[in-house]
Every structure is written in C-alpha cells, then in structure tokens.
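In what follows, a single structure is set out as structure tokens and then discussed.
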Amino acid sequence: MDQSKKRIAILGSTGSIGTQALEVIAAHPEFFQVEVLTAQNNAELLIAQAKVFSPNAVVISNEDAYHKVKEALIPLDIKVFSGENSLASIVEMDSIDLVLTALVGYSGLKPTLNAIEAGKNIALANKETLVVAGELITQLAKKKGVNIFPVDSEHSAIFQCLVGEFHNPIEKIILTASGGPFRGKKKNELKNVTKAQALKHPNWTMGAKVTIDSATLMNKGLEVIEAKWLFGLKTEQVDVVVHPQSIIHSLIQFEDGSIKAQLGLPDMRLPIQFALSYPERLKSDFPRFDFANFPALTFEKPDTETFRNLALAFEALGRGGNMPCVLNAANEVAVAEFLSDRIGFLEMSDVVEHCLAKMNYITNPTLEDYVSTDRETRIKAKELIN
Ligand code: MG
C-alpha cells in the first residue's frame, strides 16, 4: 500500500455526492485510494464501484442484499458487511485517513460521531448531522483534533475564502441561494405543484431530498444552521441572499468590511475535490466559468412569507437546544410524505411548524436526547399527516 495516498471511506457511495466523489478520485489515482464504500440499497452499483476501486471493505446497509454483494466481492478479497451497526463501526478502521459522509439525513449522525471519536478527519456532505447535533459534533471534533471539511458548495465557498484568514474574525457570512424552481411564485401558485415540478432544479443536479429542500428553501435553512456550527458563528452573523445564477457560491465579510466571494459554475465535483485534497488544489478538467455567458449576476431578498421553511429554520436556531433536531426530523418526514404524494407542497411547512410548536424543549441535549427527539418528532409529524 502506498502511504503517500489519502485513504478514503465514502459513506453513501452510490448517491449523487458519492458517485461524483468517485469521479474525482478516479481522476487522481496518485493522490487518493478508496478504502471503504457503503450503500443503503443499491447493491448493483456498489458491486460495480468495488470492482473498479478495489476497496478494503464495503457495507451494504440493507441486510437483504448482503448475500448478493458478498458473492460478488468475496472472491476479489473485498470484505463485505451489512446492517446499520456495521455502517457505524466501519469508520473506525485504522487504515482510513478521511471519511466522506454523503449519507442522507439523520442516518449520518452515528457514523459521523464514531468517525470523529476514532480521530478521522471528516469531509462533510451530510448537513443534517450538524443541524441535528451541531454543538455535540463540533465539541467532539475539537476535543479529538479532527478537521471537518465542508462539501456543501456554500460552506466550501466560505472555507475557501477563509484560507489564509483563519485568524481573522468573521463579521458575517452571506449564503447564496438559487431560490429553486419556484422562485418568484406566491402561495396560491404553489398549492398544487407536483413533485416532478419540485424535482426540477434550475442549476444543480442533486439527490431527491436536497432538491425538494431547495424548492422549499429548507435547504438554505439547514445550511444556515450548518454554517453556524462549522464556522462558530452567532445566528445574527449568518445572512441569506437569493442569487438565481448560482455562480457566487457564498461570501464572507471580515471586520474591516471587506467581502470575499468564491465563484464558479455550479458543479459539486469542485467542492468535493477541495474537501478531499485540502490544503492542495488539484488540476481539474471541469467546465470553466466564462463572464461572457453571464452578463448579469443578480441578487434579491428571500421571500420568507411564501417559503416559510427558511424563517422556521432561523426560529429553530434562535431557540437552540433540541429545536434544530425537531426541525430536521419534521422536515425529513414532510419531504418523504410529499415525495409519496401524501401531502402538498405548502403542507411541508405546516408539518415543521406544528412540530416546533408541540415538541418539548430540551436546553442542553445529550446524544440520547437527540435520538429520542428525532424519534418522537417523527411520530408527531406522522400523527398530523394521518
Ligand atoms: Mg448547498
């Protein structure tokens, strides 16, 4: 084994971020080696990826698919595990240098905590982890001397602007939002929009959960919370501006009033690559931005009357405690129910608002409190829907 290569575990390798991360790794075999791949259900793609990248081990979370994966990979001397517990413990392997967490939603929490506990640096694509338990995660990372490198494009932008400036206090950060497919629409126009319409993001190609979250602006709300914890900010230091072209990926304002921004075409491979290669920048053949194609970059205030989720996220963050965890769990249920045509677009915010109003407040939640808050919020959200 070549010790000069960064050895990477990808949690969620068959999803949108996972597959793009493997593209980045395939383009730089001299820098990276895949140590672990994990998937929830997609056994076929996991097997195909393992055959190309020859990881030390793979995990298929769905136990029904275990035998299929095992039969395909054991002859290649690749270890195969299954189940949620294997997913949570595989990150502790000695041979891993960096864990890319590209799981969707709350499921990322335990594996991320275990990876930090084991002293692994994290490339964080699973924003929900920091939304649910930001304080717990960032304190543990500090204690263990672990770096959390953001993969989310906005947070990567801030991180890139901070290189060379880590000692300079931040006055505020400004997260850009595309506004999603329904920007400019009012409530009466959104009542009957379909999931097919909501899944058509104007600029980014992403997984279903984050695409729906982008359409409701919950994605930006979750990113506000994520930013607070990643960069150690107060709630009032995080601003959101709608920027429909998605060229400026976010901005940071320092105490002298100077603003730095990071620009580029919307392409997740770039923030993924920077998180994997930091502090180096690796050569890429991604399409380049051309000012001639974008004569106007525009900006507007987010419409939080129509897109209430963003206001609800700020409310949850302001209240603190377990409220961001409530927000996230209620939203995960709401998005799943919207995707199965059981509730309408606007009702997603009703579910979140209801749960924030009804759930018990816990000031300084422990991990157990987060687990029970998540479970009970899901029950409450489903009660409202049924
Ligand atoms: Mg983002």
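Read-outs throughout are calculated quantities, based only on the coordinates presented, and are distinct from any laboratory measurement. Predicted model only: the values in this text are computed from it and were never measured. For neighbour counting, all protein chains shown are included, and Cβ atoms are generated from backbone atoms with ideal geometry for every residue, glycine included.
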(message) Taking the beta-carbon count within 10 Å as an exposure proxy, list Y106, Y278 from fewest neighbours to most.
(response) Y278, Y106
(request) Quick one: grab the alpha carbon gyration tensor of region 40-195, order the square roots of its eigenvalues as a ≥ b ≥ c, and give me rounded if a/c is under 1.5, else prolate or oblate depending on whether a/b is larger than b/c. (result) oblate
(request) Could you compute the FRET efficiency for Q237 and E71, with r as their C-beta to C-beta distance and R0 at 56 Å, rounded to 0.05? (result) 0.60
(message) As an exercise, identify the GluC sites (Glu not before Pro) in region 299-386 lying in DSSP coil whose Cβ has no more than 10 other Cβ atoms within 10 Å.
(response) E305
(request) Can you put L199, L346, L103 in order of Cβ neighbours within 10 angstrom, beginning with the fewest? (result) L199, L346, L103
(request) Taking the Cβ of each residue in K209, K200, K220 as the centre, tally the other Cβ atoms inside 10 Å and list the residues starting with the fewest. (result) K200, K209, K220
(message) Give me the net charge for the shell around A330: Cβ to Cβ below 11 angstrom, other residues only, Lys and Arg +1, Asp and Glu -1.
(response) -2
(message) Per-residue counts of other Cβ atoms within 10 Å, averaged by peptide: what ranking do you get for 14-22, 80-88, highest first?
(response) 14-22, 80-88
(request) Please give the contour-minus-distance gain from T304 to K79: 0.36 nm per residue of separation, less the Cα-Cα distance, rounded to one decimal in nm. (result) 76.1 nm
(message) Less than 14 Å Cβ to Cβ from L73, Lys/Arg counted +1 and Asp/Glu -1: what total charge do the surrounding residues give?
(response) +1
(request) With springs only between Cα atoms under 10 Å apart, run a GNM on the chain and tell me which of D152, D303, D213 wobbles the most. (result) D303
(message) Multiplying the sequence separation of N62 and I385 by 0.36 nm and subtracting their Cα-Cα distance, what value in nm do you get?
(response) 113.6 nm
(message) At 0.36 nm per residue, and after removing the present C-alpha to C-alpha distance, how many nm does the segment from E23 to V163 gain when stretched out fully?
(response) 47.9 nm
(message) Which residue fluctuates most in the GNM of the chain (Cα springs below 10 Å): K172, K79, K358?
(response) K358
(message) With the cut-off at 24 Å, tell me which of the pairs K195/K358; K228/K301; K172/K220; K142/K172 have Cα atoms farther apart than that.
(response) K195/K358
(message) Just to check, using Stokes-Einstein with a Kirkwood Rh over alpha carbon pairs, what's the diffusion coefficient of the chain at 10 °C and 1.306 mPa s in µm²/s?
(response) 74
